[in-house]
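One structure is given here, and the rest of the page talks about it.
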Amino acid sequence: MVIALFISHLVGDYVLQWDSLARWKSRELKGVLVHGMIVLLVTWLCSLPFNPAWWQWVLFIGLTHTAVDAIRLRLGNHFAALALFLLDQAVHLSIILLALMLSGYVTPSSLMADLAPMLREHRLLTVALGYVFVTMPAWILVEFIVYGLMKGSAPDFSQVPNKYVSSLERGLITTSVLLGQFMLVPLVALPRLVFEKARVADSQRARLYLMELLASIALAVAVGLGLRQI
């Protein structure tokens, strides 16, 4: 249940938050409500195989997720983009953990001690979690961190690398590392750098683009190394 709930968060909050929905929820409460319903549905579907009677906690997660995003909509102009993004994710993940604790799936004292055995016991779910993470969640995380640290602003998603290309790139790098084929990592990363060099080489984005690429590669390598230990 624990791993499945974190997969549901990544899918509901990132993979199924397409561009127009992300823009809508950043402007209007209606968009937040639609996004919240998607999160609730994905959470319910991921919990069903483990406990069909867990619907009360599904409602708790879905409704609190919606409330947090509604608050974020109001606070969007009062906090730095990176700080608000990290705070938002910390709250969402804390709510999931709270639901798991209150329903008896984990306890605060044993959470860290049980984490590694849990990941090994449910290896397929753990691998799924890693691969879901390196798609849209990793793309958003990289952009917010790089833009936040280098420019002190929210990402300009009209200028960032194509999310599908970079997600595929991270997936291939993660697979290469997972299989122990470390020499393939630069070969996977090279094509995007070569093909997009002309677009960024003579612009002020060159340094930003390079940091995005390096952070994306490092994240994919880290996930691959983590999955190798499972």
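The values are calculated or read from the model by the stated rules, or taken from the named source; none is laboratory data. Note that this is a predicted model, so its numbers are computed, not measured. Here Cβ is always computed from backbone atoms with ideal geometry, including for glycine, and neighbour counts include all displayed protein chains.
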What about residue 69, is it among the acidic types (Asp, Glu) and crowded, with 18+ Cβ neighbours inside 10 Å? yes
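Out of 113, 128, I need the residue that is over 26 Å from residue 208 (Cα atoms), aliphatic (A, V, I, L, M) and either buried (at least 19 other Cβ atoms within 10 Å of the Cβ) or modelled with pLDDT under 80 (or both). Which one? Working first, answer last.
Working: 128 fails: either buried (at least 19 other Cβ atoms within 10 Å of the Cβ) or modelled with pLDDT under 80 (or both).
Result of the check over 113, 128: 113.
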### Message
Any residue that is within 25 Å of residue 116 (Cα to Cα) and modelled with pLDDT of 85 or more - is there at least one of those in segment 139-150?
### Response
yes
Given the conditions (1) within 18 Å of the chain's Cα centre (by Cα); (2) charged (D, E, K, R); (3) surrounded by fewer than 15 Cβ atoms within 10 Å (Cβ to Cβ), every one holds for residue 25 apart from (3)
Result of the Cβ filter at 9 Å on segment 108-119, keeping first residues that are within 14 Å of residue 1 (Cα to Cα) and partners that are exposed (fewer than 11 other Cβ atoms within 10 Å of the Cβ), at least 6 apart or interchain, is 119/229
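Quick check: is even one residue across segment 61-83 part of a helix (DSSP H, G or I) and aromatic (Phe, Trp, Tyr)? Spell out the reasoning first.
Pass one, segment 61-83, residues part of a helix (DSSP H, G or I): 61-75, 81-83.
Subsequent filtering for residues that are aromatic (Phe, Trp, Tyr) retains none.
So far as segment 61-83 goes, no, none of its residues is part of a helix (DSSP H, G or I) and aromatic (Phe, Trp, Tyr).
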Checked segment 87-107 for anything of a type in the set (Gly, Ala, Ser), without any contact (Cβ under 8 Å) to a residue 24 or more places away in the chain and assigned to a helix (DSSP H, G or I); matches are 90, 94
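Given the options 1, 37, name the one that is exposed (fewer than 15 other Cβ atoms within 10 Å of the Cβ), among the aliphatic types (A, V, I, L, M) and under 20 Å from the mean Cα position of the chain (by Cα).
Working: 1 fails: exposed (fewer than 15 other Cβ atoms within 10 Å of the Cβ).
Selected residue: 37, the only one of 1, 37 that is exposed (fewer than 15 other Cβ atoms within 10 Å of the Cβ), among the aliphatic types (A, V, I, L, M) and under 20 Å from the mean Cα position of the chain (by Cα).
Determine if segment 39-57 includes at least one residue that is closer than 17 Å to residue 14 by Cβ and modelled with pLDDT under 90.
Keep residues of segment 39-57 that are closer than 17 Å to residue 14 by Cβ, which gives 39-43, 45-46.
Next, from what is left, pick out any that are modelled with pLDDT under 90: none.
No, segment 39-57 has no match at all.
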Per the filter on segment 9-65, residues of a type in the set (Asp, Glu) and within 21 Å of residue 135 (Cβ to Cβ) are 13, 19
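Select from segment 120-138 the residues that are touching a residue at least 24 places away in the same chain (Cβ under 8 Å), more than 18 Å from the chain's Cα centre (by Cα) and part of a helix (DSSP H, G or I) and list them in ascending order. Show your work before the answer.
Here is the first cut: in segment 120-138, the residues touching a residue at least 24 places away in the same chain (Cβ under 8 Å) are 120, 122-123, 125-138.
Then keep just the ones that are more than 18 Å from the chain's Cα centre (by Cα); that gives 120, 122-123.
If the condition is that a residue be touching a residue at least 24 places away in the same chain (Cβ under 8 Å), more than 18 Å from the chain's Cα centre (by Cα) and part of a helix (DSSP H, G or I), then 120, 123 are the ones that fit.
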